[in-house]
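Working notes, beginning with the structure itself.
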Amino acid sequence: MKHIDIKDIITSESYAGKQVTVCGWVRTSRNSKSVAFVELNDGTSLKNIQIVIEKGDSADYKEPRVGMSLKVTGNVVAGRNNTFEINALPGDIEVLGECPTDYPLQKKGHTLEFLRSMPHLRSRTNTFNAVWRVRSVLAAALHSYFQSHNYVYINTPLITGSDCEGAGEMFQVTTNGFTTEYKTEEEYYANDFFGKRAGLSVSGQLEGEMAATAMGKIYTFGPSFRAENSNTPKHLAEFWHIEPEVAFAELDDVIEIAEDMLKHVIRDLLDKCPDEVAFFDAHFEKGLKARLEELISHDFGRVTYTEAIKLLQESGENFVYPVEWGCDLQTEHERYISEKVFKKAVFVTDYPKEIKSFYMKQNPDGKTVAAVDLLVPGVGEIIGGSEREADYDKLVAAMNERNMNLDLYSDYLDLRKYGSVPHGGFGLGFERLIMYTTGMANIRDVILYPRTVGSIR
Ligand code: 4AD
């Protein structure tokens, strides 16, 4: 269907005075005696284009209804407030799809909660129009960052036989339905599709390490799955995960890359999505733009886990979860550190080995590992990473301490046998980045179809 994107018409003078055809959905429609005004949106821009219809005394003019899809041919003219609009006659308007009066988005101002009940339609609101564009621009910015720094884009498997994070959060993949036929777990899995237990990957890191120890610098960008029973505003069962992995790198290098990458993508977002950032600033988080500008112009904070525990203990705050060395930092702790103490993004490093994964490099103190989490105001953790244990014996010892089945990790252990190098990387939760850059408070509102515990559509 030959037509021009509304974005191109409203952002370029080159269409002024020309005849164009546009397609889109009616956002608002106003009628006066001889003229009608229709705001049309085709999704290419947060802004609509106004169609001014000279209906004269045309008897068969039917007012377009909100939600209808139209194809309109008319002349581009300068409108008010430095915008362009299209002048059309009733005969220039073709109705592509009718929209009956039970259209749920007839009126504006629905709550996000209400819109969550209709994921198939909510994209037609300004809010979701803006979220999806931010999502798209950030994805492109992430690719451009890594591609321009010599990283190779790797696709790691989604179905896996090994559990990367080892926290029992893996969804099982099976073709075996309920049966009493098998007497043991081994027998059950042996008869399953892969002949052994399989699940949906919680992270592409282990395979990423395999690629990084040949290609030097790699990144993945794909879905990860977590069967966590966490019904919170920042947990999804299916989320998008960016995982760079770098050879010849120690913890400090990993931290430097994370900060540089985040600043790059946020700078790109501010350049490419000024309308969307202004929209979120006006409607969701006052001061968002200033906060993002501040983030890219200052160094991130840095604190060790041990120091962070001290800060929390001395805070005088009444936390729901008690704070003591060895505890996992909860969202309330993470937010206190980034919002109250540092008032900016802050890297927390060197966590107790007991609360982190088996693969992290063991520090000389024997108690902590070279782990890093990035905490940001408003969201909490958006990045988790580490330097990896590159020493074969130490890695095996850490796995044995956790009673892991070494046979399942023989490929992974081989990397420490054949040309092992210091290496590390991190995982960035894509939806958490979008929450942070838009001010959207619930992760369900930054992904098209959220999958959360007890809810799938
Ligand atoms: O801290 P995590 O669990 O780290 C890993 O998966 C490592 N293998 C990453 C690596 O070193 N390559 O997860 C990394 C990030 C978190 O900081 C968070 O942003 C996001 O993934 N994340 C989730 N996002 C949404 N819903 C969930 N259930 C998430 N779990 C983790």
Residue-normalised 222 nm signal for the chain, counting each DSSP H run of n ≥ 4 as -39,500 (n - 2.57), nearest 500 deg cm²/dmol, is -8500 deg cm²/dmol
To the nearest 10 degrees, how steep is helix 392-401 against the longest Cα principal axis of the chain, on a 0 to 90 scale?
90
If contacts are Cα pairs under 8 angstrom and at least 6 residues apart, what is the relative contact order of the chain in percent?
13
Cα-centred dipole magnitude for the chain, charges only on beta-carbon of K, R (+1) and D, E (-1), debye, nearest 20
1840
On a 0 to 90 degree scale, rounded to 10, what angle separates helix 205-215 from the longest Cα axis of the chain?
90
Using unit Cβ charges (K, R positive; D, E negative) and no other charged atoms, how large, in debye to the nearest 20, is the dipole of region 6-103 about its Cα centre?
240
For region 48-57, Karplus-derived ³J(HN,Hα) couplings (6.51, -1.76, 1.60; θ = phi - 60°; whole Hz; x for glycine and proline) come out as 8, 10, 8, 9, 9, 9, 7, 8, x, 10
Charges only on Cβ, +1 for Lys and Arg, -1 for Asp and Glu: so what's the dipole of region 99-202 about the Cα centre, in debye to the nearest 20?
940
How many percent of DSSP beta bridges within region 7-148 run antiparallel, rounded to 5?
85
For Lys286, go through the lysines and keep the ones whose alpha-carbon is under 25 Å away, minus same-chain ones fewer than eight residues off.
Lys47, Lys107, Lys108, Lys234, Lys263, Lys272, Lys340, Lys343, Lys344
Quote the FRET efficiency, to the nearest 0.05, computed for Lys310 versus Arg451 with a Förster distance R0 of 41 Å and r equal to the Cβ-Cβ distance.
0.60
What are the trypsin sites (Lys or Arg not before Pro) within region 392-436 that DSSP puts in a loop, where the Cβ has at most 14 other Cβ atoms within 10 Å?
Arg402
What is the distance in Å between the Cα centres of region 29-88 and region 383-434?
59
Gyration tensor over alpha-carbon atoms, the chain, equivalent ellipsoid semi-axes in Å
49, 26, 21
Ranking request for peptides 197-208, 3-14, 217-228: highest mean number of other beta-carbon atoms within 10 Å first, then the rest in descending order.
197-208, 217-228, 3-14
Charges on Cβ only, +1 for Lys and Arg, -1 for Asp and Glu, centred on the Cα centroid of the chain; of Phe319, Val453, Val202, which one is farthest towards the dipole's positive end?
Val453
Write down Rg/Rh for region 1-160, rounded to two decimals, with Rg from the C-alpha atoms and Rh from the Kirkwood relation over Cα pairs.
1.08
With point charges of +1 on the Cβ of Lys and Arg and -1 on the Cβ of Asp and Glu, referenced to the Cα centre of region 1-130, which listed residue (Thr21, Phe37, Met118) lies farthest in the positive direction of the dipole?
Met118
Debye log10 I(q)/I(0) at q = 0.14, 0.21 Å⁻¹ for region 1-54, Cα point scatterers
-0.37, -0.80
Scoring region 163-319 by relative contact order with C-alpha pairs under 8 Å, at least six apart, yields a percentage of 16
Note on the chain, DSSP bridge orientation, antiparallel percent to nearest 5 equals 85
How large is ³J(HN,Hα) for each residue in region 334-343, as worked out from phi by the Karplus curve 6.51 cos²θ - 1.76 cosθ + 1.60 (θ = phi - 60°), to whole Hz, x for Gly and Pro?
4, 5, 4, 4, 7, 8, 9, 7, 8, 6
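Loop-only check: which chymotrypsin sites (Phe, Trp or Tyr not before Pro) in region 129-182 are DSSP coil with at most 12 other Cβ within 10 angstrom?
Hits after loop and neighbour filter: Phe178.
FYI, it's all coordinate maths here, none of it is from the lab. In this text, all values refer to a predicted model and were calculated from it rather than measured experimentally. For neighbour counting, all protein chains shown are included, and Cβ atoms are generated from backbone atoms with ideal geometry for every residue, glycine included.
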